[in-house]
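The values are calculated or read from the model by the stated rules, or taken from the named source; none is laboratory data. Just so it is clear, the model here is predicted, and its values are computed rather than measured. Using ideal geometry, Cβ is built from the backbone for each residue, glycine included, and neighbour counts are taken over all protein chains shown. Calculation scope for accessible area: heavy atoms of the full protein, side chains included, ligands and nucleic acids excluded. Shrake-Rupley method; radii C 1.70, N 1.55, O 1.52, S 1.80 Å.
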Amino acid sequence: LLVGFLYYGVDTTQVSVQDRTGALYFVLTTQIFSAQASLRVFLEERDLFLREFIAGSYRTSAYYWAKSLADTPLQLFNALLFSLLGYFLVGLQLTWSHVLTYCTAIIITTLAAESYVVFVGAAAPDDKVAAVLGPVAFALMSLLGGFFLNLDSLPFWFSWLQHFSLFRYSFAAIMQNEFVGLNFTCSQDDTAKWVESLDASTREHVMEFIHLLPCPTPDGETHLKRLKVNTMPVWVNVMFLFGLMIFFRILGYYALVKRANKLMPTGLPTKVKCKEDSSLKSKTT
């Protein structure tokens with residue numbers, strides 16, 4: 001609702017270019033950071049799981065996949081409810097193909113963010129470390145998303161991190177979905193505002209050719225090229241998000257397996273442990 005009220009009813013003027021971009025990035029930021037709620041999935045019950053794992057109650061895989069997927073339907077419902085309300089209130093492109101592509105990108109983004117948080121919850125030694133790793137990593141991903149920083153300006157020793165940024169792929173997908181094929185109007189006021197944003201020396205030279213200047217952003221493709229978010233098509237960005245979702249889920253599973261195996265008594269298989277526990281119970285009874 002906040003997004004809808006702030007950006008309600010955008011038009012196709014030059015101002016709407018920034019409004020549409022800001023609204024889409026704000027939706028992504030909210031969706032990704034809201035995945036922090038999944039940290040409690042393993043942090044709150046990890047000690048109980050490890051104790052029951054040593055007792056041989058169930059396998060790590062059964063516990064991990066059940067717990068990590070239990071909150072997924074609720075997460076998806078909240079993601080779609082929030083994003084669709086903002087979509088229609090802002091007034092983004094209202095065609096079935098655009099809405100469906102937007103929802104698909106938001107769903108995969110939410111699942112990928114939740115996968116990373118689950119991985120942190122399974123790998124972090126305690127809740128304090130997990131509470132730091134989650135937001136810090138998301139903040140870094142946000143910087144490498146293509147909105148705050150042009151990805152071509154990154155130093156070569158730092159640019160490899162952009163390939164693990166959820167923001168990069170999700171932002172590129174929904175930006176292309178929204179801006180491709182969209183044309184913007186340009187009035188004299190828009191040109192005047194753009195000239196005023198220039199420094200004094202540049203403005204002096206520009207004023208000589210002000211009548212020849214084209215519109216700053218005549219169409220969506222121009223804006224996408226300016227932000228460098230048009231290097232890969234929408235479906236490729238979505239596939240990269242899907243790959244990161246699987247990657248972080250698998251990492252989380254192996255992190256939990258490694259932690260559980262460390263606590264397993266050496267030379268004592270799980271099945272033997274179960275038998276010993278049951279025999280002790282029968283003797284006491």
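What does the charge dipole of segment 1-146 about its Cα centre add up to, to the nearest 20 debye, if the Cβ of each Lys and Arg holds +1 and the Cβ of each Asp and Glu holds -1?
Rounded to the nearest 20 debye, it is 160 debye.
Suppose we flag trypsin sites (Lys or Arg not before Pro) only when DSSP calls them loop and at most 15 other Cβ atoms lie within 10 Å. Which is the longest uninterrupted stretch of the chain?
The reported range is 60-227.
Under 13 Å from the Cβ of LEU182, count the other residues' Cβ atoms, weight Lys and Arg +1, Asp and Glu -1, and hand me the total.
Surrounding charge for LEU182 is -4.
Mind checking the per residue accessible area of the chain for me, 1.4 Å probe, whole number of Å²?
Heavy-atom SASA per residue in the chain reads 54 Å².
Could you please report the charge total around ALA37, scoring K, R as +1 and D, E as -1 over all other residues with beta-carbon less than 10 angstrom from its beta-carbon?
Net charge around ALA37: -1.
What is the dipole size for the chain, taken about its Cα centre, with +1 at each Lys and Arg Cβ and -1 at each Asp and Glu Cβ, in debye to the nearest 20?
Value, rounded to 20: 1920 debye.
For PHE242 and CYS215, what is the calculated FRET efficiency with R₀ set at 51 Å and r taken between the beta-carbons, to the nearest 0.05?
Calculated value: 0.85.
Could you tell me which label, among [x] 73, 56, 47; [y] 97, 41, 29; [z] 95, 67, 38, carries the value of Cα extents along the principal axes in Å calculated for this structure?
Of the labelled values, this structure produces [y].
What's the carbon and sulfur percent of the chain's accessible surface, probe 1.4 angstrom, rounded to a whole number?
So the carbon and sulfur contribution to the accessible surface is 66 percent.
Need one number: nm distance between label points at LEU198 and LEU149, each 7 Å from Cα along Cα→Cβ, rounded to one decimal.
3.0 nm
For segment 107-262, what is the convex hull (Cα atoms) projected area averaged across all directions, in square nanometres?
Taking a quarter of the hull surface, the average projection is 12.6 nm².
What does the accessible area of ASP219 come to, in Å² to the nearest 10, when a probe of 1.4 Å is used?
In the full protein context, ASP219 sits at about 40 Å².
Return a single number: how many Lys pairs in the chain, at a sequence separation of 8 or more or on separate chains, have alpha-carbon atoms below 25 angstrom apart.
Total qualifying Lys-Lys pairs in the chain comes to 20.
Which whole-number percent is the relative contact order of the chain (Cα, under 8 Å, 6+ apart)?
The normalised contact order for the chain reaches 29 percent.
Please identify the GluC sites (Glu not before Pro) of segment 8-56 that satisfy two criteria: DSSP loop assignment and at most 15 other Cβ atoms within 10 Å. Which are they?
GLU44, GLU45
In segment 1-109, how does Rg compare with the Kirkwood Rh, expressed as the Rg/Rh ratio over alpha carbon atoms?
1.18
What value in Å³ per residue do you get for the convex hull of the alpha-carbon atoms in segment 85-179?
Looking at segment 85-179, the number lands at 118 Å³ per residue.
Taking the Cα-to-Cβ direction at THR72 and at ASP126 and moving 7 Å from each Cα, how far apart do the two end points lie in nm?
Once both label points are built, they end up 3.3 nm from each other.
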